[in-house]
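**Student:** Before I ask anything, here is the structure I am working with.
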Amino acid sequence: MNTKLFLLTILFLLIGNFAIGQNNKEKALELGRNAIKIMDEGKLDESIDLLKQAQELDPERMDYPYELAYANYRKEDYQKAIEILNTITEHKDVTDVVYQLLGNAYDLTGNPELALKTYQKGMIKFPNSGKFHLESGNIKYHNEEYNEAIAFWEDGIKANPNYSSNYYRLSKVFSLTEERIWTLLYGEYFMLLEPNTQRTEEISKLLYENFQKSYEVQTDSSGQFHLTEKGFQIVVQDKKDIKKMKKGVLPFEGTFATAFAFSAINFQNNINIASIYNARKDFLDFWFNEKKFNKDYPNKLLEYQKEIQKNGFFKTYTYWMLSQGNPTEYQEWYSENEQNFTDFANWFNENRIEISEKDFNSRKDY
């Protein structure tokens, strides 16, 4: 079964000012708050009773039936959840999580096709939400339709480039291919957007392992990187591709891999966080300063790396990003650089990456 998003409760995100005389709505609000509290404690039946009372007192509010559906979903009574959710899909205050939960419930009742149709409706109603692409991709991946899954997740990035979960899925799936360049890029995007969860630790380790898997030792003093195969296959689709061929420019993946290959001297037989940092530093200088590839291939992540470097935190940032891949090396570094890390953390919290739909950050952009 697909791993489903943990759906945070949406109750009371926008609480208006209640005028005198709205006692029923006030009582409903208090009941709803208590219902959420005990639902979080696992008391689902008691929560359902309170939510039913709240809905009777304030039948116009969408939150109460949504939370009722969610409580039944947690009880694994998916049919009941579906029945309730279908009553609010056209509510004036409906949100994307209603369609997401409904699609998930259909999928868990063994009806993935209806789930996909529900997600499609969600995409139309909420075109800037990446949730429906995520869930559609999960279904396709579960059915071993991997290319379709990747297409959904990458479309999700374009729909909402600041929604982390599509990057998470993509970084994992590309680690199983020869196109590990996209594990490195999508995985790093994910960590920037979701920097402090269990999934962050998982991707930190994955990135470190993919640097290791990508490097092939040839002699005691030489080796090479294998980040892509498709990136060296030039496909002409429009005048833009012809122009790049005339300039001798490879596809983005091939250009990236070639540029990174010049940093391989940093590894030899020793791949650790320190050597990966040196390689990444040399790559940035080569990409932006020596070859100026950023003009042919703008990329939001590389631009953000350059900004971090400009502010003096690129080494600290790289150690944090790869910390779970080599915890011993990281802890040794951290014990001597605790203040550097604190300074970086303060800067990072004030200067988070902001990605727009116009930014180049997906395979579909190149």
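Every read-out reported here was derived from the displayed coordinates using simple, explicitly stated rules and does not represent laboratory data. What you see is a predicted model, and the numbers here were worked out from it, not measured in a lab. Cβ atoms come from the backbone with ideal geometry, glycine included; neighbour counts cover every protein chain shown.
**Student:** For the range 85-135, just say rounded, prolate or oblate: build the C-alpha gyration tensor, square-root its eigenvalues into a ≥ b ≥ c, call rounded for a/c under 1.5, and beyond that prolate if a/b exceeds b/c, oblate if not. Walk me through the intermediate numbers first.
**Tutor:** Numbers: a/c = 2.10, a/b = 1.26, b/c = 1.67.
Here the range 85-135 falls in the oblate category.
**Student:** With +1 assigned to the C-beta of every Lys and Arg and -1 to the C-beta of every Asp and Glu, and no other charges, what is the dipole magnitude of the chain about the Cα centre in debye, to the nearest 20?
**Tutor:** On the way: 44 positive and 55 negative charges, 257 e Å.
Approximately 1240 debye in magnitude.
**Student:** What aspartates and glutamates could a cross-link reach from LYS315, if we take a straight Cα to Cα line under 17 Å and drop same-chain neighbours fewer than 8 places away?
**Tutor:** Those aspartates and glutamates meeting the cut-off are GLU188, ASP282, ASP285, GLU303, GLU307, GLU329, GLU332, GLU336, GLU338, ASP343.
**Student:** Which of LEU101, LEU250 has the fewest other C-beta atoms within 10 Å, and how do the rest follow up to the most? Before the final figure, lay out each step's value.
**Tutor:** Numbers: LEU101 26, LEU250 21.
Listed from fewest to most nearby Cβ atoms, that is LEU250, LEU101.
**Student:** Here's another thing I want to ask about it. Mind checking which of LYS230, LYS140, LYS158 has the largest fluctuation in a GNM of the chain, springs on alpha carbons under 10 Å?
**Tutor:** The residue with the greatest mean-square fluctuation here is LYS230.
**Student:** Please compare each pair in LYS92/LYS364; LYS37/LYS300; LYS281/LYS364; LYS52/LYS125; LYS140/LYS213; LYS92/LYS117 to a cut-off of 31 Å on the Cα-Cα distance and tell me which ones are over it.
**Tutor:** Numbers: LYS92/LYS364 34 Å; LYS37/LYS300 40 Å; LYS281/LYS364 26 Å; LYS52/LYS125 28 Å; LYS140/LYS213 27 Å; LYS92/LYS117 21 Å.
Exceeds cut-off: LYS92/LYS364; LYS37/LYS300.
**Student:** Can you give the FRET efficiency to the nearest 0.05 for ASN24 and GLU90, using r as the Cβ-Cβ distance and R₀ = 25 Å?
**Tutor:** Details: r = 24 Å, r/R0 = 0.96.
Taking R0 as 25 Å, the efficiency between ASN24 and GLU90 is 0.55.
**Student:** Quick one: dipole size for the range 178-366, taken about the Cα centre, charges +1 on Lys/Arg Cβ and -1 on Asp/Glu Cβ, in debye to the nearest 20.
**Tutor:** Values: 24 positive and 29 negative charges, 212 e Å.
Magnitude of the dipole: close to 1020 debye.
**Student:** Oh, and also: Return one number: the angle in degrees, 0 to 90 and rounded to the nearest 10, between the long axis of the Cα atoms of helix 131-142 and the longest principal axis of the Cα atoms of the chain.
**Tutor:** Tilt of helix 131-142: around 70 degrees.
**Student:** Can you tell me the dipole magnitude for the range 256-366 around its Cα centre, using point charges on the Cβ only (Lys, Arg +1; Asp, Glu -1), in Debye to the nearest 20?
**Tutor:** Values: 13 positive and 16 negative charges, 97 e Å.
It works out to roughly 460 debye.
**Student:** While we're looking at this one, here's another question. Provide the convex hull volume over Cα atoms per residue for the range 178-366, in Å³.
**Tutor:** On the way: hull volume 23.6 nm³, N = 189.
Residue-normalised Cα hull volume stands at 125 Å³.
**Student:** May I ask you to sort TYR146, TYR73 by Cβ crowding, counting other Cβ atoms within 10 Å and putting the fewest first?
**Tutor:** Ascending Cβ contact count within 10 Å gives the list TYR146, TYR73.
**Student:** With labels modelled as points extended 7 Å from the Cα through the Cβ direction, what inter-label distance (nm, one decimal) is found for HIS142 paired with GLN120?
**Tutor:** Output for this residue pair reads 1.8 nm.
**Student:** Rounded to the nearest 10 degrees, what's the angle between the helix 44-57 long axis and the longest principal axis of the chain, both from Cα atoms, 0 to 90?
**Tutor:** Helix 44-57 and the main axis of the chain meet at about 60 degrees.
**Student:** Would you work out which of TYR297, ALA264, TYR73 lies farthest towards the positive end of the dipole of the chain, given +1 charges on the beta-carbon of Lys and Arg and -1 on that of Asp and Glu, about the Cα centre?
**Tutor:** Checking the options against the dipole of the chain, the answer is TYR297.
**Student:** Lys/Arg Cβ at +1, Asp/Glu Cβ at -1, dipole of the range 178-366 taken about the Cα centre: which of GLN212, SER335, SER356 is farthest positive-ward?
**Tutor:** Of the options given, the answer is SER356.
**Student:** On C-alpha positions alone, give me the angle between the axis of helix 273-284 and the longest principal axis of the chain, in degrees, nearest 10.
**Tutor:** For 273-284 against the chain, the angle is about 80 degrees.
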